1. Counting just the residues of segment 105-144 that are modelled with pLDDT under 90 and in a strand (DSSP E or B), which one comes out surrounded by the fewest Cβ atoms within 10 Å (Cβ to Cβ)?
2. How many residues are touching a strand residue (DSSP E or B) at 6+ places or on another chain (Cβ under 6 Å) and farther than 22 Å from residue 226 by Cβ if we restrict to segment 171-195?
3. Those residues that are at pLDDT 80 or above and surrounded by fewer than 16 Cβ atoms within 10 Å (Cβ to Cβ), I need them from segment 27-72; list them, please.
4. When the residues of segment 167-181 are narrowed to those that are assigned to a helix (DSSP H, G or I) and crowded, with 21+ Cβ neighbours inside 10 Å, which ends up modelled with the lowest pLDDT?
5. If I filter segment 150-166 for residues that are assigned to a loop (DSSP other than H, G, I, E, B), over 27 Å from residue 79 (Cα atoms), over 22 Å from the mean Cα position of the chain (by Cα) and assigned by TED's automatic domain parsing to the domain that holds residue 272, do I get at least one hit?
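The values are calculated or read from the model by the stated rules, or taken from the named source; none is laboratory data. Remember, predicted model here, so these are calculated numbers, not experimental data. In this analysis, Cβ positions are derived from the backbone assuming ideal geometry, glycine residues included, and neighbour counts consider all displayed protein chains.
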């Protein structure tokens, strides 16, 4: 296995799927940096990026053998995550195999699983949760409050998502976000997903379960991020947040470059989504 190529392919794949390291703007439940469950040592270098990009809130990772040694097991069908390390090997002279003449570094790899992919593994309690100051943004609060027949919003945990089967938005607590603007951007993104529910605009990308990275999944992500950006603009949220959205969208665009119509369609759906949350007819201007 060409470890260099494997790592390169993995990073390119993550970027092309829109997985940007600075995208997560809240503290993941106080879990901190990725670390090995057994040794408690934090992973460093490129491994930090490779593991942080995975969709798990727990900071703890372990090998298949470590899971077994702890009396647990990796769930059937779970896929491992690649990490690398350098191993120093003794260098031998070609004419004198028995005598070491120095040491050379060799890049090696191994596979890890998140504790969320395992069963019967004792997990240490999370460190104390991060508390950041939070200042409500009045116009953003108004947009959320006036969303008619909106999904329920629940707070807690380390993940932000919309679950169509329950018509529910899950958000981390407000105080875990670095900035108030970041909280509203993520909330408006998830609420934009909810407009695709069958009781609202009935987007097939929401009603049908799509594989992560598929064209339909990518189109929905572009749609909701554009919708959230439009809503952020209405709420007067800073350009920095909207620029962050642009970098996120760029990652998803790389998946859809072969379809010239995809972005135009996603933009139209985004406008319809934003209008639905604002209670307007499609294309109607906001009154001054």
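1. 105
2. Adding up the residues that qualify gives 3.
3. Within segment 27-72, 38, 39, 40, 41, 42, 65, 68, 69, 71 qualify.
4. 176
5. Checked segment 150-166: at least one residue is assigned to a loop (DSSP other than H, G, I, E, B), over 27 Å from residue 79 (Cα atoms), over 22 Å from the mean Cα position of the chain (by Cα) and assigned by TED's automatic domain parsing to the domain that holds residue 272.
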